[in-house]
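What follows is a set of notes on a single structure, which appears directly below.
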């Protein structure tokens, strides 16, 4: 059984009497996989797959346009500013918000911060928060086993191209299947949270807002429509493309390449070069060893910007009950050699 419940109090580095945070999500193990494990078919399933295809394909095509503009020396400093200003908050919305807060409850915070993180993660255009969380919890429940939504190792046949099929499935192929995790089973706590449920219901508006902001920022910096359009290109399309494929690489590359420090019973691995772009998510074997940990970079040199942000929230009183893993627990799970 994978762990979703809060870690023991000895692993908490901050505490508060605030009780706004919603209940701990349920634990689910492989014995519970049945016909109720996936989201039931809906009238919008085909439309969702079409939208997924457009959201993946259009940014990729626009990246080619951005590359041509950069090659022709038409990349301005304002475009890089807009890219960074949009990439960092939306990326942290995924890593700090969707992943460490909503999926694993690795810290607690109040309603306002929960809403802000849910909105920023929604602006990353990786899907509504409840759907994202349900699929990721199911991934942990069945990691690299039958039932894992995006394992590169299971169900891809044999032969010389099995690994290619597996990596493709884990990277983007799984987004076009109709067996997404049941939100009622895997995320009932978020469905019951009115603030998060509201952000989930209004996902389209936050996704569109994630495009409006770089357009407005580009215009504000340059004072020209051309600057607004290139801001939209870099802060919208290029930012979505890069952030999507960094996130997808956690599902694919981090279950295929890299180092395993801990015994996790799956193929999760640490991929150091991907850690800065993924805000620390690429310390993936560490994460699978201790899913509720707010810190994924467990060694001093394992750069983990998301953990830095969480500690900053603690320092300002905006977060508490942060789960960290003691050296003793780490040593007990560490592989020999």
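The peptide list 186-193, 227-234, put in order of mean Cβ contacts within 10 Å with the highest first, becomes 227-234, 186-193.
Report note on the peptides 45-52, 315-322: ranked by the mean count of other C-beta atoms within 10 Å, highest first, their order is 315-322, 45-52. The angle separating the long axis of helix 77-92 from the principal Cα axis of greatest extent in the chain is about 20 degrees.
The peptide list 156-168, 112-124, put in order of mean Cβ contacts within 10 Å with the highest first, becomes 112-124, 156-168.
Only helical runs count toward this figure. For the chain, summing -39,500 (n - 2.57) over DSSP H runs of n ≥ 4 and dividing by all residues gives -14500 deg cm²/dmol at 222 nm. An oblate overall shape is assigned to the range 244-309, the ratio a/c of its alpha-carbon gyration tensor axes (a ≥ b ≥ c) being 1.5 or greater and a/b not exceeding b/c. For residue 179, put the label point 7 Å out on the Cα→Cβ axis and report which residues of the range 123-157 keep their amide N under 18 Å from it. So the set is 134-157. Available extension along the chain between residue 192 and residue 312 is 40.4 nm, counting 0.36 nm per residue and deducting the alpha carbon span. For the range 71-143, the equivalent ellipsoid built from the Cα gyration tensor has semi-axes of 29, 15, 9 Å, listed from largest to smallest.
Were the residues from residue 326 through residue 45 laid out at 0.36 nm apart, the gain over their Cα-Cα distance would be 96.8 nm. With a ≥ b ≥ c taken as the square roots of the eigenvalues of the C-alpha gyration tensor of the range 75-234, please select rounded if a/c is under 1.5 and otherwise prolate if a/b is larger than b/c or oblate if it is not? Oblate, since a/c reaches 1.5 and b/c is not below a/b.
With the convex hull of the Cα atoms taken as the outline of the range 228-337, the averaged projected area works out to 8.6 nm². At an R0 of 25 angstrom, the distance between the Cβ atoms of residue 64 and residue 202 translates into a FRET efficiency of 0.20. Eigen-decomposition of the gyration tensor built on the alpha-carbon atoms of the range 106-172 gives equivalent ellipsoid semi-axes of 32, 13, 7 angstrom, largest listed first.
What the Cα atoms of the chain give is an Rg and a Dmax of 19.8, 60 Å.
Rule-based calculations on the coordinates, nothing more; no lab input. Model, not experiment: these values are computed from the prediction. Please note: Cβ atoms are built from the backbone with ideal geometry, for glycine as well, and neighbour counts cover all protein chains shown.
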